[in-house]
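To start, the structure under review is shown below, and the notes come after it.
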Amino acid sequence: MDISTVQYQKRLPTVGTKEGDKALREKTDQFEAIIIKMMLDEAMKDEKNLFNANDPGDKIFKSMYRDELSNASAGGFGFSQMLFDNLSQKGIKTEQ
């Protein structure tokens, strides 16, 4: 397959534009949420069961809780800001 003929349906955002910075901020916040989720999973792995010890719903509930907690906390720990600053400095700014 010749990739030179591939056309994008919409233009990719570039760093330094309002649209590009917003997209970059969203992605860095998502990355921070993943880091927070991994830390919460590790910190809460020995937590007592909320329901019956053999109940599969307990693991599902805890996982969903930690996922929502990490998404709500994303952007407030500083990882996202450091990553955003680093990537926005290294990004190639193009004229539109």
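Computed from the coordinates by the stated procedures, all read-outs in this text should not be read as laboratory data. Computed from a predicted structure; not experimentally measured. Quick reminder, even Gly has a Cβ in these numbers, built from the backbone with ideal geometry, and neighbours come from all protein chains shown.
Extending 7 Å from Cα along the Cβ direction at ASP46 and again at LYS18 yields two label points whose distance is 5.2 nm. Here the simple spin-label model places points 7 Å from the Cα toward Cβ, and for ILE60 and ARG25 these points are separated by 3.6 nm.
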